[in-house]
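Written out below as structure tokens is the structure these notes cover.
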Amino acid sequence: MIIAVDGPTASGKGTIARALAAHFGLPHLDTGLLYRAVGRQVFLDGGDPDDGGDALAATSFPDLLLHDPHLRSEETGGLASRVSVHPAVRQALFERQRVFATQAGGAVLDGRDIGTVIAPDADVKLFVTASVEARAERRWKEMRDAGIEVALSDIAADIRRRDERDSNRADAPLRVAEGAFVIDNSAMTREQATAAAIEAVEAAR
Ligand code: C5P
């Protein structure tokens, strides 16, 4: 069984994908980490994330910095969003995602284009979303708990910028895949959102 989980930044799709993987006993791939690793590599190389050549060169590192401690930072997220607009970068990362998706026994993948591009043949497609306000507030609390002081309005502005870039790029823009089940968790707890996702998978498979 292939489960595709797509959605915008800070929507909780990663949490839901991990919970589904644990519940159904499937391996999980957070595809955003691949783009983050490329963005991070471009930065370390002193390259320009908006330059397709620099970004493509950063994909040829075999281990893609997948364990770099800076991978989950907001800065790296911004770099990831910039390198991910280049079609050559998306193409370079396609095969490993496809291989992961189609492995024997199934898999859960989360990202922006899993149900539309990487696994349009997925058995179940979920689109996890929430209002900008709800996402900004959750991200703000996470950062505050980690001892990082940032204005809520700055986080909301960053989320809007990322939504805009991810939704308006020409190649593999963020879209609700055909046949996807939409979970808007603006007013849900984490547990409620996870339960809704498990229910949707049970119903669709
Ligand atoms: O999901 P995450 O925030 O880690 O993703 C970082 C960036 O990588 C996203 O803003 C998006 O631009 C890009 N991305 C993508 N396609 C995916 C996963 C992530 O373009 N499948």
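The values are calculated or read from the model by the stated rules, or taken from the named source; none is laboratory data. On a predicted model such as this, the values are computed, not experimentally measured, just so you know. No Cβ is skipped: glycine too gets one built from the backbone with ideal geometry, and neighbour counts run over all protein chains shown.
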Determine the pairs where a residue that is touching a residue at least 40 places away in the same chain (Cβ under 8 Å) and over 17 Å from Val42 (Cα atoms), located within segment 79-98, has a partner that is of a type in the set (D, E, K, R) and surrounded by fewer than 18 Cβ atoms within 10 Å (Cβ to Cβ) with Cβ atoms under 9 Å apart, the partner being 6 or more residues away or on another chain. none
Could you list, in sequence order, all residues of segment 106-141 that are away from the ligand (no atom under 13 Å from the Cβ) and of a type in the set (Asp, Glu)? Asp121, Asp123, Glu133, Glu137
Residues being surrounded by 17 or more Cβ atoms within 10 Å (Cβ to Cβ) and either under 13 Å from Leu64 (Cβ atoms) or assigned by TED's automatic domain parsing to the domain that holds Asp113 (or both) - total across segment 29-50: 14
So the strands (runs of 3 or more DSSP E) completely within segment 1-111 holding 3 or more residues that are aliphatic (A, V, I, L, M) are 2-6, 107-111
